[in-house]
Each structure stands twice: as C-alpha cells, then as structure tokens.
Amino acid sequence: MVPEKLQQYRTLILDLGNVLFHWSFRDLTALSPQDFHSVILSPTWAELERGHLDYVEALKAIGEELSVEPDSISEAIAQCRKTLHVDHDLVERLKELKAETDGQLKVYAMSNIARDDFARLKAILPDWSLFDDVFTSFEAGMTKFELGFFKHVLNSIGCRDPASVIFVDDKLGQVNTARSFGIHGIVFKSPTTLMRQLRNRLFDPILRARQYMADNVGKHVSPVEGGPDLDEVFSQFLIHWELEDESLLSLSLPNAGAAEINAAIIQARKEAKLWNYFNGPPIGTTKTCKTSHTLSTLELY
C-alpha cells in the first residue's frame, strides 16, 4: 500500500543550481562579486539561458550594457566554473528517499541554465538516474521566471493536479511562481532541512513518530534549556500512557541490556506506585530534596 501522505504528493521537481550543484564567486579576481552578480541577473543572461544567444553574443551585449570588458566577464565565468561541484551526499539521500516510495514518487529536474553550463553539470555527475526527466530553460526557450515554463513541465509530465507536486528552489521568487499554480513550494536552505521537509510531506507523521520512538528506546531523555539532559522515569510513563506499547519503555540506565530493561519493567508492575523521578543519581537538586513522586494515574498494567 502507498503511504497515506504519498497519495497527495507524487511528484518532486528540483532546481539544480544551489541545490544539487554549487559554485562560488566570492573569490573572483576578474570581476568583483557585485559586478558578477549584475552579469548573471541581467536580461541578456536570461536570454542566454533561454537558448536565444550563444556565449559570445551574450557576453558582448552584457559588456556593453554594464560597461565591462567581455574578456573580464569570460574570465570571471571561467573562475567560477573551477569551483563547480555536486552534492553527492544529497543526491544519494534523494535516491534513498525515492526508493522508499517503491517507485511511486517521480523526481524531475528543472533549471535555468545555458546549454554549455548544462554540459558541465552532466560531466561532473555522470549518473542522472535520480531523475525521471530533466527540463532546462535552453531547451524550453523559457526560464522559471515565466509561468509558461511551469506549464510546459506540468504538461510534459502529464500532471493534472499541481497540488500533488513539490517544487524545491533556492530562490523565493521562483518558489512563489510555483505556488501560484497550487504547487507546494519549498525554499532550499540546507540538505538536512530539505530531507526533513520532504519526509514530513511524503510520509505519515504518526507512523514516522512511532518509528522514531522505537528506534530510540532508552534514549528518551528530557532536555533542559541551558542545562544537562535529564535521564528520568517520568517521560517513560507518559510514553506508555499515550502509546500503550511497553516495548518502547526503558526504566534502566542508558546502555542497559534487554534482560535488565525487561526486569526493571516487571519490577515496576509489582511495586507500589511510588517512583523515583530520576533514573540514577538526582541532577539539579539537593540531597535532602524528596525525589519520589506518586504517579497513581500512570500504571504499568
């Protein structure tokens, strides 16, 4: 059976630049970072990415628009290209995520990119099996600043329900364009944040929470802001009270064996309802402070 959340979101569209592929212009010498930023935000650069101009034509026109030598622009681009790299770890994590859906999730790439730059991406990432298809601005003749590019992609993948699509981009403006179609947009911040957001959208959060509890038996501690984590018993009773699953309990010290954990639970069933709050020596209190609490409503039966 397809997970409940996957019934809603069945398509993932990923931007490439600054999500899976990265380059830096902070250490440029041919142009200042500010001037280079002006180059790639210019209308003529967008025409290059639409495939309407080649590099020579585009750099000449941009040079005239910004009063910058085309050779300086070309050298700055070459310096940036040397920093180009792919986030292989994120690619693998996305492959694993896709595999978890048993083929129910389709993954596509959508990028504003010139033909020559896309060839460089292909060179540093030979395996593109993550993607079911790739859509580029130079092939579509449109960029993601245009509604038409999104319509083109949705029509090409046969998507009749934009609400079933998740779109990821590092630029808020392009995410908002996607949202105008009813697509769920995510602004990329970091790989870890992205994977968490995707899992929260794709999979049943209750099932995920139960799996987390099962994976962390014996590690359910209470964090104290500005202080140490408290290894205590009270949270274990709350877990049992809410989930009614004794296998999630651990009334023993960390790293205790299965037999010791089971023995402690058996003992808890037999004793009176008077329990030490702390699992081990008290923390953050005095020797004379009473550390026992009557938990008459939280029974292990």
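The values are calculated or read from the model by the stated rules, or taken from the named source; none is laboratory data. As the structure is a prediction and not an experimental result, all values here were calculated from the model. No Cβ is skipped: glycine too gets one built from the backbone with ideal geometry, and neighbour counts run over all protein chains shown.
Checking the stated criteria, residue 67 turns out not to satisfy the condition of being in contact (Cβ under 8 Å) with a residue 12 or more places away in the chain and over 23 Å from the mean Cα position of the chain (by Cα).
Does segment 106-128 contain any residue that is loosely packed, with under 13 Cβ neighbours inside 10 Å and either touching a strand residue (DSSP E or B) at 6+ places or on another chain (Cβ under 6 Å) or in the same structural domain as residue 37 (by TED's automatic domain parsing) (or both)? So far as segment 106-128 goes, yes, one or more of its residues are loosely packed, with under 13 Cβ neighbours inside 10 Å and either touching a strand residue (DSSP E or B) at 6+ places or on another chain (Cβ under 6 Å) or in the same structural domain as residue 37 (by TED's automatic domain parsing) (or both). Condition (residue is surrounded by 12 or more Cβ atoms within 10 Å (Cβ to Cβ), out of contact with any Phe, Trp or Tyr (no Cβ under 7 Å at 6 or more places or on another chain) and closer than 21 Å to residue 267 by Cα) applied to segment 205-218: is it met by at least one residue? Checked segment 205-218: at least one residue is surrounded by 12 or more Cβ atoms within 10 Å (Cβ to Cβ), out of contact with any Phe, Trp or Tyr (no Cβ under 7 Å at 6 or more places or on another chain) and closer than 21 Å to residue 267 by Cα. Under the condition of being among the small types (Gly, Ala, Ser) and free of Cβ contacts under 8 Å to residues at least 24 places away in the same chain, which residue from segment 146-196 is farthest from residue 89 (Cα to Cα)? Taking the candidates together, the pick is 148. The helices (runs of 4 or more DSSP H) falling completely within segment 150-230 that include 2 or more residues that are polar (S, T, N, Q) map to 172-179, 191-202. Residues in segment 46-94 that are basic (Lys, Arg) and either in a helix (DSSP H, G or I) or within 30 Å of residue 105 (Cα to Cα) (or both): 50, 60, 81, 93.
Quick grid of which residues meet (1) of a type outside the set (Phe, Trp, Tyr); (2) at pLDDT below 75; (3) over 15 Å from the mean Cα position of the chain (by Cα):
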residue	(1), (2), (3)
177	yes, no, yes
183	yes, no, yes
192	yes, no, no
201	yes, no, no
208	yes, yes, yes
226	yes, no, yes
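Return yes when residue 38 is hydroxyl-bearing (Ser, Thr, Tyr) and over 29 Å from the mean Cα position of the chain (by Cα) and no when it is not. It is true that residue 38 is hydroxyl-bearing (Ser, Thr, Tyr) and over 29 Å from the mean Cα position of the chain (by Cα). Every test in (1) free of Cβ contacts under 8 Å to residues at least 12 places away in the same chain; (2) farther than 27 Å from residue 150 by Cβ; (3) surrounded by 13 or more Cβ atoms within 10 Å (Cβ to Cβ) is passed by residue 82 save one, and that test is (3). Evaluate segment 275-290: report whether one residue or more is in the same structural domain as residue 216 (by TED's automatic domain parsing), closer than 20 Å to residue 244 by Cβ and modelled with pLDDT under 75. For segment 275-290, residues in the same structural domain as residue 216 (by TED's automatic domain parsing), closer than 20 Å to residue 244 by Cβ and modelled with pLDDT under 75: present.
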